[in-house]
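*Asks:* The structure follows.
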Amino acid sequence: MRVLKKLLKKARFTEFGQHFRFDDILLNRHPAKNFRNWYRCMIIIKFINDWWKKTLEGVPDVTWPGKIKYYALSSGTSEAASKYIPVTKDMLRSNTINYLRQLLSLLNYEEVNRKAMTKGFLNAWRRHRS
């Protein structure tokens, strides 16, 4: 619930957040239930065509604040070929934090091969992030 509210608050002033009334979802007595009901109506292909396509054209503040600079290429789906998926700075920061938490959590296990977590391991991760 905390994460959902945080994401809705962050995106509420985007074109997408205004169109789907994220403020109303946030003010609802049961925001998660309200969001689920809305989400069931969203079809991914329609979402990509109606919203993410605009970000590919360089339009800012469509589905997330600011202009999307980076995109990941999906491996494709049963519906169609590969698609471009927006990658935001917030997403990269969140992934980095979670990656580091997972890495540090390995230290709690006695059976972990600590030699695997060497400078080379971290350098490979750093190159991957770039």
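*Asks:* Mind listing whichever residues of region 1-37 are among the aromatic types (Phe, Trp, Tyr) and assigned to a helix (DSSP H, G or I)?
*Replies:* Hits for region 1-37 are 16, 22, 35.
*Asks:* Here's a follow-up. Scan region 75-130 for residues that are at pLDDT 80 or above, aliphatic (A, V, I, L, M) and not in a helix (DSSP H, G or I) and jot them down.
*Replies:* 85, 87
*Asks:* If a residue must be touching a strand residue (DSSP E or B) at 6+ places or on another chain (Cβ under 8 Å) and open to solvent by less than 90 Å² (accessible area, probe 1.4 Å), how many such residues does region 57-76 contain? Walk me through how you get there before you give the answer.
*Replies:* Narrowing region 57-76 to residues touching a strand residue (DSSP E or B) at 6+ places or on another chain (Cβ under 8 Å): 63-64, 68, 70-74.
From what's left, open to solvent by less than 90 Å² (accessible area, probe 1.4 Å): 63-64, 68, 71-72, 74.
Going through region 57-76 one residue at a time, the tally reaches 6.
*Asks:* Could you check region 45-74 and list, in sequence order, the residues that are over 18 Å from residue 17 (Cβ atoms) and either modelled with pLDDT under 85 or not basic (Lys, Arg) (or both)?
*Replies:* So the first thing to find is which residues in region 45-74 are over 18 Å from residue 17 (Cβ atoms), and the list is 45, 49, 56-58, 69-74.
Residues satisfying the conditions are 45, 49, 56, 57, 58, 70, 71, 72, 73, 74.
*Asks:* For region 30-44, enumerate the residues that are open to solvent by 60 Å² or more (accessible area, probe 1.4 Å) and either aliphatic (A, V, I, L, M) or at pLDDT 75 or above (or both).
*Replies:* Of everything in region 30-44, those that are open to solvent by 60 Å² or more (accessible area, probe 1.4 Å) and either aliphatic (A, V, I, L, M) or at pLDDT 75 or above (or both) turn out to be 30, 33, 36, 43, 44.
*Asks:* Taking only region 8-29 into account, find how many residues are under 19 Å from residue 91 (Cα atoms), at pLDDT 90 or above and among the hydrophobic types (A, V, I, L, M, F, W, C).
*Replies:* Of the residues in region 8-29, 3 are under 19 Å from residue 91 (Cα atoms), at pLDDT 90 or above and among the hydrophobic types (A, V, I, L, M, F, W, C).
The values are calculated or read from the model by the stated rules, or taken from the named source; none is laboratory data. As the structure is a prediction and not an experimental result, all values here were calculated from the model. We place every Cβ from the backbone using ideal geometry, glycine too, and count neighbours over all the protein chains shown. Side chains are part of the model used for accessible areas, which takes the heavy atoms of the whole protein and leaves out ligands, DNA and RNA. Shrake-Rupley method; radii C 1.70, N 1.55, O 1.52, S 1.80 Å.
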